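Working notes for the structure below.
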Amino acid sequence: MADIVTMPKLGFDMAEGTLLRWAKKEGEKVEKGELLAEIETDKATVEVESLYSGVVLKHLVTEGTPVPVSNPIAAIGAEGETYEGGTAPAAAPAKPEDASASQKQSSGQKPSTNGLSDQKTEPAVASGQQTAADGNLPSGVRASPLARKIAQERGVNLKSVRGSGPLGRITKRDVESAKAGGAGLALPGLQLADLGPAPADKRVPLTRLRSAIGRRMVQSRQEIPHFYVTHEYDVDRLLEARAQANAALEGSGEKLSVNDFIIKAAALTLRQYPNLNAKLDGDAIVQLGQVNIGVAVAVDGGLLVVVCRDADRKPLRQISQEVREMAGRVREGKVSTEDIEGSTFSISNLGMYDVHSFTAIVNPPEAAILAVGAAQEVPVVKNGQIAVGNRMRITISIDHRISDGAEGAQYLQALAAYIENPIALLM
């Protein structure tokens, strides 16, 4: 008798997912644990493994079809077996009022729109295209998996396309623009000639990720009374410690980032201020035992938060490795629910974009989030003399129902003990 594969629930608030791609064709053998399909949820594109071994007897839904959780999507059975059931009907698109009701019932971790580290996670690259471990093509072109797939299908040379994503990464939109008329090609020179009429307006449908981000952030701003506190830190020693650590790690393939130090420092400081590592539960504040730091990661069309669990109890090198690997999986479309669920406090860092300072929106049901700016060389007064120093501004956004300005200011002051004396993070 055939085993029926159903749409998995890839997050406790997930109501439906879209079957993006079948990794196994009808009639093809599949082993338990092998990749069966790619599913798009509100948060990401997730690779789904088969729970059964056998032959794929029937695809019950076609690629691109939205399917409610627990609805059948495929039948797997023994070789030579036939499946008599029919194809499952396509799921009807959710009505606006349904989406609203779903929003009211949802809780837990959601995509954040704060800062960095933004992009709908895209499907894995087509099987005929080889990629390097860092997600680049062997030729050195940086492109998202979906962009590579579309370029291969349409015959677009990625070397001639200018990427608009982070670090020049080529996105789906860049490839489509290049195919349509060269908008993704090298920048043209300045022209004073008649440029002709402006392009027509283009209506771009919201992706699931962009819609989810919008719902969550509107909910956060409407329901959570935010307040903000900013502190400026002397990061001369931190930058020096990072340089020395990376020199010692040279040749190992590892490299510590400034954000790795911030993650560890924020987690250790939360031990002193458990009220900021908390959530509101009815008429009580639940101070959470685990310190799980969410780190915002930029992706095509939005952003996701990856979760470094027990960050207060891990060494810097382990934090760095875990965050780097999770961010890589997010950008390659291979994220798991464990990577993006369960944060208790978040960090959004825009320093790599030369941002001086900004405020972030609290990611419900968390109590607070840090917005980290760039480390900048500025004139400072030392011992009555003007000198050059490195300074960084960090702003904490806090749910005023859970905490107050004094506690937020005290937290940022205590954070300085680690950021301005980073030796404490290495012990």
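The values are calculated or read from the model by the stated rules, or taken from the named source; none is laboratory data. Since this is a predicted model, take the numbers as computed values, not measurements. When we count neighbours, we look across all protein chains shown, and the Cβ atoms used for this are built from the backbone with ideal geometry, even at glycine.
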_Pair list, Cβ under 8 Å, 6 or more apart: segment 318-334 residue surrounded by 23 or more Cβ atoms within 10 Å (Cβ to Cβ), other residue of a type in the set (D, E, K, R) and part of a loop (DSSP other than H, G, I, E, B)_ = Ser320/Glu254; Ser320/Lys255; Gly333/Glu122
*Where in segment 12-70 are there strands (runs of 3 or more DSSP E), lying wholly inside it, with at least 1 residues that are among the acidic types (Asp, Glu) and within 23 Å of Leu206 (Cβ to Cβ)?*
16-22, 35-40
_Residue under evaluation Asp354, criteria (1) under 30 Å from Ala147 (Cβ atoms); (2) surrounded by fewer than 15 Cβ atoms within 10 Å (Cβ to Cβ); (3) modelled with pLDDT of 95 or more, criterion not met_ = (3)
*Residue that is nearest to Ile402 (Cα to Cα), among those in segment 262-275 that are buried (at least 24 other Cβ atoms within 10 Å of the Cβ) and among the aliphatic types (A, V, I, L, M)*: Leu270
*asked:* Take Ser50 and tell me if it is of a type in the set (Gly, Ala, Ser), surrounded by 18 or more Cβ atoms within 10 Å (Cβ to Cβ), in contact with a Leu (Cβ under 7 Å, 6 or more places away or on another chain) and modelled with pLDDT under 50.
replied: no
*Out of all the residues in segment 66-77, is one or more over 28 Å from the mean Cα position of the chain (by Cα), at pLDDT 85 or above, farther than 27 Å from Gly328 by Cβ and surrounded by fewer than 21 Cβ atoms within 10 Å (Cβ to Cβ)?*
yes
_I'd like to check something: does segment 295-310 contain any residue that is at pLDDT 95 or above, in a loop (DSSP other than H, G, I, E, B) and surrounded by fewer than 24 Cβ atoms within 10 Å (Cβ to Cβ)?_
yes
*Filter pass, Val55 being in the same structural domain as Val67 (by TED's automatic domain parsing) and either of a type in the set (Phe, Trp, Tyr) or under 27 Å from the mean Cα position of the chain (by Cα) (or both)*: no
_From the options Gly405, Gly351, residue that is out of contact with any helix residue (DSSP H, G or I) (no Cβ under 6 Å at 6 or more places or on another chain) and closer than 28 Å to Ile340 by Cβ_ = Gly351
*asked:* Restricting to segment 192-229, and then to whatever is of a type in the set (S, T, N, Q) and surrounded by 10 or more Cβ atoms within 10 Å (Cβ to Cβ), can you tell me which residue is modelled with the highest pLDDT?
replied: Ser220
